[in-house]
Amino acid sequence: MKRKRGLHFGREKKKVNIPIVKEVVSWVIEIVIVLVIAFVFVYYIGLRTSVVGQSMAPVLENKQEILVNRFIYSLTSPKPNDIVVFLPNGNEKSHYYVKRVIGVPGDKVQVKDGAVYVNGELFEEKGERAAILDAGLAAEEILLGEDEYFVLGDNRNNSEDSRYANIGSVKKQYIIGKAWFIVSPYKNFGFLE
């Protein structure tokens, strides 16, 4: 029997366990996919904000937490009756405003006899609304520009909205996204209609 020369400390070539390597690679790929999906969800859909005031009552109450879909208006434009979140006049130091879209670009909006008219026809409301006591700027017909939206709070007599000069018509670039989900309080947890 022939012996190998030199020192031998039991070192042998170790074989790579292919099934374990495949399993580890599979887990790494799945984790990366989940992280990418989570990032996209949080960045585009997961903006969380609080409702300030009672202007959207009874649909949304003061201090309710909502999620905002920031992605949807990259694909489409706001539609009448959408609940949008925006910064008034693009003021980044302001809190987010939450209001309902009434008029879209090209529409003529007017408040008369306590009701909202769009293009001369009574606006079809989602739910019952009290008669509007103060028409503000909308006492005269307002023609919306190509990127302007007319918004109102659902609680029409307790809302700072497009009827007033400090808000006015909202430009699309100032709309952050569409309110779509109530996060808290838990009793109201669910999708907005």
Subset of K93/K126; K93/K187; K112/K187; K108/K187; K108/K171; K63/K112 violating a 27 Å alpha-carbon distance limit: K93/K126; K93/K187; K112/K187; K108/K187; K63/K112
Degrees, to the nearest 10: 18-40 long Cα axis against longest axis of the chain: 20 degrees
Mean ellipticity per residue at 222 nm, deg cm²/dmol - from DSSP H runs of n ≥ 4 across the chain, formula -39500 (n - 2.57): -4500 deg cm²/dmol
Based on C-alpha coordinates, I'd like the Rg and Dmax of the stretch 44-185, in Å. 14.1, 40
Where a Cα-Cα gap under 21 Å defines reach, which lysines qualify for K14, not counting those fewer than 8 residues away within the same chain? K4, K22
For the stretch 55-92, list residues with backbone N below 15 Å from a point placed 7 Å from the Cα of F181 toward its Cβ? 65-72
In debye to the nearest 20, the charge dipole size for the chain, taken about the Cα centre with +1 at each Lys and Arg Cβ and -1 at each Asp and Glu Cβ, equals 2800 debye
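Only the coordinates and a few stated rules stand behind these numbers; no lab work does. Small disclaimer: the values here were computed from a predicted structure and weren't measured. We place every Cβ from the backbone using ideal geometry, glycine too, and count neighbours over all the protein chains shown.
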